[in-house]
Amino acid sequence: MHSQMESSHHLSHILTHLAEDREQYFQAIAPPVIQTSNFAFPNLTAFREAFSDELHSHVYSRGNNPTVEILRRKLAALEGTEDALVFSSGAGAIAAAVIGNVKAGDHVVCQQNPYSWTSALLRKFLSRFGVEHTFVDGSSIANIEAALRPNTRVLFLESPNTMTYECQDLAACAALAKSRGIVTMIDNSYCSPIYQNPASFGIDIVLHSGTKYLNGHSDVVVGVLCGSSEMVKKIFESELMTLGGILGPHDAALVIRGLRTLPLRVQRSQESAQWIIEKLENHPKVERIWYPFHHSFPQLELAKKQMRGCGGLFSVQFKTDDMEKMEAFIHKMERFLMAVSWGGHESLIIPTIGFYNIPGRPAPAAPWQFVRFYIGLEDPAWLWEDLERAMEAL
Ligand SMILES: *Cc1c(COP(=O)(O)O)cnc(C)c1O
């Protein structure tokens, strides 16, 4: 086990030095954007050598690119895995990980409330290719075990998820899956590598929507897949190279820049979120708060066991019987922006009521008094002023 200081020194090294070979580019502090599609070979020996390992050499930028490789190496080190790949979106990374480990006739077990497009991948996409799935309440390992079949190949976790923050016991899931030869994978976007490292519990593939905390500035869509050299090579040679959902070097450079401040940003988001939650929990218009480290959270003990922190995403159910008042409350918030995504500099709300009354779309299961908050990097007192004033409408 690393001590706190050792691990923060390790983090500083990764974010400032790792994979940055400045002698290659005039001792520049910021790595260059190697904006090229292809690379020339001085002779046939170099040609043959490059083609023996396209994942780590420079042949063609659909495979590897020096700017992208700096990012890949930092991400692998942050998650404590041997290697990593990046994709043009989190959805692309998730799809590559699942598709890369199933064939027709196989079965996937997934925790019951994953990110909506992860659910769509299993329900609408893989079902067309003869891959079955079961969604399961992952709060107990017995439920997961009961859902496993002889043809189960993948156990997909998302712990916590990003609306109600349900958790799965990562060590128990990894041990169970390993005993049955099942590949485990997790969407780790909620925690970021700063607050949870699933590979340290034995999880095989760690996925991120890097669009959220990793890039952190709401200006790039990016996906991350971390795993063993063998697993990464397998997915690289098949899903990455054939489906081709790569990240370009310019976006990679932006994400490298985002990573420089990752520990500071998630810590600030967390501190501000906890400060606002403390104010909310004593407010008469608040019915319930969802946040993995909140004293009311049903899986608090498990969350504390496997997470070092929580970050800035939480949900609140407000106390009102009047939909019009709820809408007025949402409209009165001026400093929080109403938008999807999270993990950037800006504070956001996603109100469930926004999903009601959309033609052709069924109303969501969550009650309309429910709002997901993301707390960004602004002054929390400035945000609270806005929220407190808006709550007068309730
Ligand atoms: C946003 C998100 C995704 C999808 O990532 P994109 O980068 O938008 O493709 C997957 N999982 C979680 C938890 C997310 O929040």
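The values are calculated or read from the model by the stated rules, or taken from the named source; none is laboratory data. The structure displayed is predicted, hence computed values, not measured ones. We place every Cβ from the backbone using ideal geometry, glycine too, and count neighbours over all the protein chains shown.
Observations, loosely collected:
- Of the set (1) within 16 Å of the ligand (Cβ to nearest atom); (2) closer than 16 Å to residue 182 by Cβ, all apply to residue 117 but (2).
- The condition (being farther than 17 Å from residue 181 by Cα and either touching a residue at least 40 places away in the same chain (Cβ under 8 Å) or of a type in the set (Gly, Ala, Ser) (or both)) is satisfied by just one residue among 106, 169: 169.
- Residue among 66, 42 that is buried (at least 20 other Cβ atoms within 10 Å of the Cβ) and out of contact with any helix residue (DSSP H, G or I) (no Cβ under 7 Å at 6 or more places or on another chain): 66
- Condition check for residue 381: surrounded by 18 or more Cβ atoms within 10 Å (Cβ to Cβ) and in a helix (DSSP H, G or I): no
- Checking each residue in the range 219-231 for being away from the ligand (no atom under 16 Å from the Cβ) and surrounded by fewer than 23 Cβ atoms within 10 Å (Cβ to Cβ) picks out 228, 229, 230, 231.
- Residue list for the range 56-101, filter: assigned to a loop (DSSP other than H, G, I, E, B) and farther than 28 Å from residue 114 by Cβ: 56, 57, 58, 59, 61, 62, 63, 64, 65
- One residue from 243, 247, 207, 214 being surrounded by fewer than 19 Cβ atoms within 10 Å (Cβ to Cβ) and within 15 Å of the ligand (Cβ to nearest atom): 243
- Selection status of residue 202, within 16 Å of the ligand (Cβ to nearest atom) and either among the hydrophobic types (A, V, I, L, M, F, W, C) or touching a Ser or Thr at 6+ places or on another chain (Cβ under 8 Å) (or both): no
- The set of residues from the range 35-55 being closer than 23 Å to residue 86 by Cα and assigned to a helix (DSSP H, G or I) comprises 50, 51.
- Unmet criterion (only one of (1) surrounded by fewer than 16 Cβ atoms within 10 Å (Cβ to Cβ); (2) within 14 Å of the ligand (Cβ to nearest atom)) for residue 105: (2)
- Residue 270 vs. criteria surrounded by fewer than 19 Cβ atoms within 10 Å (Cβ to Cβ) and not assigned by TED's automatic domain parsing to the domain that holds residue 85: no
- Qualifying residue in the range 121-137 (condition: in contact (Cβ under 8 Å) with a residue 60 or more places away in the chain and away from the ligand (no atom under 15 Å from the Cβ)): no
- Selection count, the range 163-176, where residues are more than 13 Å from the ligand (Cβ to nearest atom) and surrounded by fewer than 24 Cβ atoms within 10 Å (Cβ to Cβ): 6
- Among (1) within 21 Å of residue 263 (Cα to Cα); (2) touching a residue at least 12 places away in the same chain (Cβ under 8 Å); (3) away from the ligand (no atom under 16 Å from the Cβ), the one test that residue 71 misses: (3)
- Residue under evaluation residue 234, criteria (1) touching a Ser or Thr at 6+ places or on another chain (Cβ under 7 Å); (2) away from the ligand (no atom under 14 Å from the Cβ), criterion not met: (1)
- Filtered residue count, the range 102-148, keeping only those that are assigned to a loop (DSSP other than H, G, I, E, B) and farther than 21 Å from residue 302 by Cβ: 7
- Entry remark, the range 321-352: residues being surrounded by 14 or more Cβ atoms within 10 Å (Cβ to Cβ) and either among the acidic types (Asp, Glu) or at pLDDT below 95 (or both) number 2 in total.
- Being touching a strand residue (DSSP E or B) at 6+ places or on another chain (Cβ under 6 Å), β-branched (Val, Ile, Thr), modelled with pLDDT under 95 and within 30 Å of residue 371 (Cβ to Cβ) is a condition met by at least one residue of the range 164-173.
- Candidate set from the range 355-394 (those that are modelled with pLDDT of 95 or more and small (Gly, Ala, Ser)); member that is nearest to residue 323 (Cα to Cα): 393
- Tallying residues that are more than 16 Å from the chain's Cα centre (by Cα) and touching a residue at least 40 places away in the same chain (Cβ under 8 Å) within the range 143-166 yields 6.
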